[in-house]
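First comes the structure, then the notes that go with it.
Every number in this text was worked out from the coordinates using simple rules, so none of it is lab data. Computed from a prediction, not measured in an experiment: that's the story for all the values here. Glycine gets a Cβ as well: all are built from the backbone with ideal geometry, and neighbour counts include every protein chain shown.
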Amino acid sequence: MGLNFTHETLGQRLYFGSGKAATNVAEEVARQGASKVMLVASSLESESVRIATSLISIALTCDNVAQHVPIENAQAARKAATDNDIDLLISVGGGSTTGLAKAIALTTGTPILAVATTYAGSEATNVWGLTQGTRKTTGSNNKVLPVAIVYDAQLTYSLPVELSISSGMNAIAHSIDSMWAPRADPINQVLAAEGIRALASGLPMILKNPLSKKGREEALYGAYLSAVSFASAGSGMHHKICHVLGGTYRLPHAQTHAAVLPYVLAFNAPFASEANQRIAYALGASSGLEGLNLLRAVLDVPAGLKDLGFDESNIEEACEIIFPLIPESNPRRVSREDLLQLLHAAWAGEPPASNDER
Ligand code: NAD
């Protein structure tokens, strides 16, 4: 790629500090001059909420959090925010929680302060998602970009190890897909590579000790960088596949990313040598796929989509939905047959094989 590109950096304030969630949240509430705060958090996040909001007052709470933001939940939350003259949304939780806050912001324009407790990275993107029935719609709009993010590694100690690993793989997928997404550029690629490095360093520490401060901090830092690169570069082939699988077949988000990623990397890498080198370097391996496979083995990432409840009989239908969504920018031309093969291999969890460059 020559140095000829247009790059947009999204503006938001980032507070990073272990044990500092409460003071950082209070500082940002004061900066915003907010007087009626709506908390968006599932009841499962009550401990994180207690810590993060201990120094502020909450006017209203919405706990109707569900994966992929069902439209009915969004509509009820928007009405509650409007009826109560809410002037700041504070989300505390993972991507599903941030997603509900974004759905409110999309129509009300209310600013969001996102306290992130997984590695999904939604807090650093202007991408929203809503699900109606079985179809998930996504779009981007700067109204949904949180004005500020609070990262506190201590709030992630409780994230179960299996979920930490798959959420971390979701973050690595943001970085890897950024390498060839429609608006990929050298700045995104540098951020993405550093994101991969940090996650590959932090996740094994978390596996060994879920209370590892350094591991949790590295993972959050890497997840942020990965999300920033993804927000800037856009959705590549991997995300198009996973959004359809998650939205249409209700597969768990992070685990689906973890299962599909090596197959997309194996498919694209031989046709994207610079991206492959960057990924390999970030993972300390001789190729991107070798590095990813080694990391997956260390982390014992669950293998196939079949283990996530995806029925093999849905592959053809999924292929038909995904195929027209594959971006033109993909480094390798994708045929329906290629996509079918990829989905079958990802379903079975077969070891992903690298293809020779043509
Ligand atoms: P999630 O938010 O659904 O959380 C998964 C589970 O982890 C939930 O049960 C939650 O209660 C629990 N949890 C979260 N934080 C915890 C903690 N610190 N300790 C213990 N349990 C905790 O999962 P996710 O993977 O974070 O987010 C997935 C959703 O986010 C999907 O809907 C996806 O589409 C969306 N997403 C959006 C973007 C974007 O840019 N818009 C990016 C990534 C993900």
Inset, instruction - Using the charge dipole of the range 13-156 (Lys, Arg: +1 at Cβ; Asp, Glu: -1 at Cβ; taken about the Cα centre), state which of M38, T134, A81 has its Cα farthest towards the positive end. - result: T134
Inset, instruction - For the pairs K240/K306; K136/K214; K208/K306; K213/K240; K20/K136, note any where the Cα-Cα span goes beyond 24 Å. - result: K136/K214; K208/K306; K213/K240; K20/K136
Inset, instruction - Rounded to the nearest Å, what's the spacing between the alpha carbon centres of the range 107-183 and the range 77-97? Just the number, please. - result: 16 Å
Inset, instruction - Taking every Cα atom in the range 260-313, find the radius of gyration and the maximum pairwise distance Dmax, and write them in Å. - result: 12.7, 38
Inset, instruction - Determine one quarter of the surface area of the Cα convex hull of the chain, which equals its mean projected area, and express it in nm² to one decimal. - result: 16.3 nm²
Inset, instruction - Enumerate the amide H contacts of R13 below 5 Å, restricted to partners 5 or more residues apart or on another chain; note that Pro and chain-start residues carry no placed amide H. - result: A148, I149
Inset, instruction - Name the residues whose placed amide hydrogens come within less than 5 Å of the amide hydrogen of K136, ignoring near sequence neighbours (fewer than 5 apart) on the same chain. - result: T248
Legend entry - Rg to Rh quotient for the range 95-231, alpha carbon positions, Kirkwood Rh: 0.98
Inset, instruction - On a 0 to 90° scale, report how tilted helix 21-32 is relative to the longest principal axis of the chain, with both axes built from alpha carbons and the result rounded to the nearest 10. - result: 70 degrees
Legend entry - Net dipole in debye of the range 13-156 [+1 Lys, Arg Cβ; -1 Asp, Glu Cβ; about Cα centre; nearest 20]: 340 debye
Legend entry - Percent of C-alpha pairs per 10 Å bin, the range 58-149, short to long: 19, 58, 23, 1
Legend entry - Peptides ranked, highest mean first, by Cβ atoms within 10 Å: ranges 83-96, 5-18: 83-96, 5-18
Inset, instruction - Treat every Asp and Glu Cβ in the range 161-348 as -1 and every Lys and Arg Cβ as +1, leave all other atoms uncharged, and give the resulting dipole magnitude about the Cα centre to the nearest 20 debye. - result: 540 debye
Legend entry - Residues with amide H under 5 Å from that of V40, placed H, sequence gap 5 or more: C62, I90, S91, V92
Inset, instruction - Label the range 189-265 by shape, choosing from rounded, prolate and oblate, from the square roots a ≥ b ≥ c of the eigenvalues of the Cα gyration tensor; if a/c is under 1.5 it is rounded, and otherwise prolate applies when a/b is larger than b/c, oblate when it is not. - result: oblate
Inset, instruction - Could you calculate the contour length gain from A76 to F16, that is, 0.36 nm times the residue separation minus the distance between their Cα atoms, to one decimal place in nm? - result: 18.4 nm
Inset, instruction - Ratio to report: Rg/Rh of the range 240-358, with Cα atoms as the point set and Rh obtained by the Kirkwood method; give two decimals. - result: 0.95
Legend entry - Percent breakdown of C-alpha pair distances by 10 Å bin, ordered from the shortest bin, for the range 161-348: 11, 41, 37, 11, 1
Legend entry - Mean-position separation - Cα centroids, the range 239-266 and the range 285-358, in angstrom: 9 Å
Legend entry - Cβ-placed point charges (K, R +1; D, E -1), dipole of the chain about Cα centre in debye, nearest 20: 600 debye
Inset, instruction - Find the relative contact order for the chain and round it to a whole percent, using C-alpha pairs within less than 8 Å whose residues are 6+ positions apart. - result: 15 percent
